[in-house]
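A short worksheet on the structure shown next.
The values are calculated or read from the model by the stated rules, or taken from the named source; none is laboratory data. What you are looking at is a predicted structure, and each value in this text was computed from that prediction instead of being measured. Don't worry about glycine lacking a Cβ; one is built from the backbone with ideal geometry, like all the others, and counts go over all protein chains shown.
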Amino acid sequence: MASTFKQFIENVAGEKAPGPSTTFSAAHIFCALELIAEKPIGRNKLAEKLNVGEGAIRTIINHLKDADLIVTSKTGCTLTAKGLSTWKKFEEFFPKRGEIEKTELTTAEHNYAFLVKNSGHKVKSGIEQRDAAIVAGAKRAVIIVSKSGHLSIESVSSDIAKEFPKATTQILKVTRPEDNDAIVIAGADALQKAKHAAFAASWALLNSSNKK
């Protein structure tokens, strides 16, 4: 269940009393696990990649260790069996992710896309997801649904290939959607910020009603 998984990740990211308040979110947990899943990574490199300070990375690592998602050694942070299964669950929800070039639809300096599997029916106006992206630092966000062989944006176009051919080619290349998949693209002035915002909007989509 998405709701159970979301609650678990929110708990990992959440404040733990007593102690300092957290300055990170579920997006940091996702990005940390993504990096560690590739190969063991040291604390300093992880902090650099996540664009967080020394105090924040120490807290993030402690939260991940407390949740039994990682172990640390001289080689760096490594996923545990539970950490690997948690990462695989993330990949089930968001199987395709990547940078999108600047186009007539993705106009920010940096744009990042998440494919949200089998969630197109959850997208209504797309406002909730866009708002989540903006709060997370995006300058703009686009919520796209793959429907009947076309990519559509609510209140904009039922087939964006006609109005935005270059963007559509880019989006299809990166996300390779199937029917009823949703695609979230966030744009920002820095790639990491765009990625975090795209995650935030995708994460909000998992919250939505699952009824078709």
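List of remarks:
- Scanning the range 83-122 for residues that are under 19 Å from Ala2 (Cα atoms) and among the basic types (Lys, Arg) yields Lys88, Lys89, Lys96, Arg97, Lys117, Lys122.
- Complete set of residues in the range 61-104 that are closer than 28 Å to Leu172 by Cα, touching a Lys or Arg at 6+ places or on another chain (Cβ under 7 Å) and β-branched (Val, Ile, Thr): Thr103
- Set side by side, the residues Glu34, Glu104, Glu99 differ, and just one is modelled with pLDDT of 95 or more, in the same structural domain as Ala161 (by TED's automatic domain parsing) and either out of contact with any helix residue (DSSP H, G or I) (no Cβ under 9 Å at 6 or more places or on another chain) or not small (Gly, Ala, Ser) (or both), which is Glu99.
- Long-range neighbours under 6 Å by Cβ, at least six apart or interchain, first residue closer than 19 Å to Leu115 by Cβ within the range 151-166, second surrounded by fewer than 13 Cβ atoms within 10 Å (Cβ to Cβ): Glu154/Ser125; Phe164/Glu104
- Residue within the range 165-178 that is assigned to a loop (DSSP other than H, G, I, E, B) and surrounded by 14 or more Cβ atoms within 10 Å (Cβ to Cβ) present: yes
- Residue in the range 159-180 that is under 16 Å from Phe199 (Cβ atoms) and modelled with pLDDT of 95 or more present: yes
- Among the candidates Ile57, Ile61, residue that is touching a strand residue (DSSP E or B) at 6+ places or on another chain (Cβ under 9 Å), among the β-branched types (Val, Ile, Thr) and part of a helix (DSSP H, G or I): Ile61
- Among the conditions (1) buried (at least 20 other Cβ atoms within 10 Å of the Cβ); (2) out of contact with any strand residue (DSSP E or B) (no Cβ under 7 Å at 6 or more places or on another chain), the only one that Phe24 does not satisfy is (1).
- The range 36-75 - residue that is small (Gly, Ala, Ser) and surrounded by fewer than 17 Cβ atoms within 10 Å (Cβ to Cβ) and, of those, farthest from Gly137 (Cα to Cα): Ser73
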